[in-house]
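Since the structure comes first, as structure tokens, the remarks are kept for the end.
The values are calculated or read from the model by the stated rules, or taken from the named source; none is laboratory data. Note that the coordinates shown come from a computational prediction; the quantities given were computed from them, not determined experimentally. As a convention, Cβ positions derive from the backbone with ideal geometry for all residues, glycine included, and neighbour counts pool all protein chains shown.
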Amino acid sequence: MPRPAWVIAAAYVVLELALSDRYDFQQDELYFLVASHHLAFGYVDQPPLAVLLARTTDLFGVNPAAIQILPALAVAIAPVFVLAMHVGNTTPYDLLAWTVVTVCAATALLRDRPRWWLGAGVAAGIGVEDEY
């Protein structure tokens, strides 16, 4: 990525985390926070990835910024999603995983690099672990 893109992504993450404590938890974030203390391989309504990633509160304390740090990093590479994906639920991870699948599949097909199918498969597997 070009340097300006990194600067914009870093500025987004800093801004997101600076403002995240102005609002309380979103309902999905509270659900993931509680579920993260009862980890399982899957739940009735979603796979385990977003719940596992909610354990960032173990490192940063129980606050909205702690649960939103990974989504902020996940969408910093695509600032067009800023308003829709700043919440710590499955959406940012899902979009990131399927973007990686698309890039890997396109590279495998258009540049005749079959090893990239492996990356597409890994990203798809992780994406399915985030949302059914």
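Applying the criterion of being loosely packed, with under 14 Cβ neighbours inside 10 Å and part of a helix (DSSP H, G or I) to the residues of segment 113-127, the residue that is farthest from the chain's Cα centre (by Cα) is LEU118.
Per-residue answers, yes or no, for (1) of a type in the set (D, E, K, R); (2) on the phi > 0 side of the Ramachandran plot; (3) surrounded by 11 or more Cβ atoms within 10 Å (Cβ to Cβ); (4) at pLDDT below 85:
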position: TRP6; (1), (2), (3), (4): no, no, yes, yes
position: LEU15; (1), (2), (3), (4): no, no, yes, no
position: ASP21; (1), (2), (3), (4): yes, no, yes, yes
position: LEU30; (1), (2), (3), (4): no, no, yes, no
position: HIS37; (1), (2), (3), (4): no, no, yes, no
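The residues in segment 1-43 that are touching a Pro at 6+ places or on another chain (Cβ under 7 Å), without any contact (Cβ under 8 Å) to a residue 12 or more places away in the chain and over 18 Å from ASP58 (Cβ atoms) can be counted, and the count is 2.
Take segment 9-44 and flag every residue that is in contact with a helix residue (DSSP H, G or I) (Cβ under 6 Å, 6 or more places away or on another chain) and outside any helix (DSSP H, G or I). Selection gives PHE25, SER36. Restricting attention to segment 90-112, the residues being over 30 Å from GLN27 (Cα atoms) and either acidic (Asp, Glu) or outside any helix (DSSP H, G or I) (or both) number 2.
Name the residues in segment 70-86 that are assigned to a helix (DSSP H, G or I), crowded, with 20+ Cβ neighbours inside 10 Å and either at pLDDT 85 or above or of a type in the set (A, V, I, L, M) (or both), would you?
Result: ALA72, ALA74, VAL75.
For segment 102-112, check the following and say yes or no: at least one residue is touching a residue at least 40 places away in the same chain (Cβ under 8 Å) and at negative phi. Within segment 102-112, not a single residue is touching a residue at least 40 places away in the same chain (Cβ under 8 Å) and at negative phi.
In this structure, ILE67 qualifies as touching a residue at least 40 places away in the same chain (Cβ under 8 Å), in a helix (DSSP H, G or I), more than 18 Å from GLY127 (Cβ to Cβ) and touching a Gly at 6+ places or on another chain (Cβ under 8 Å).
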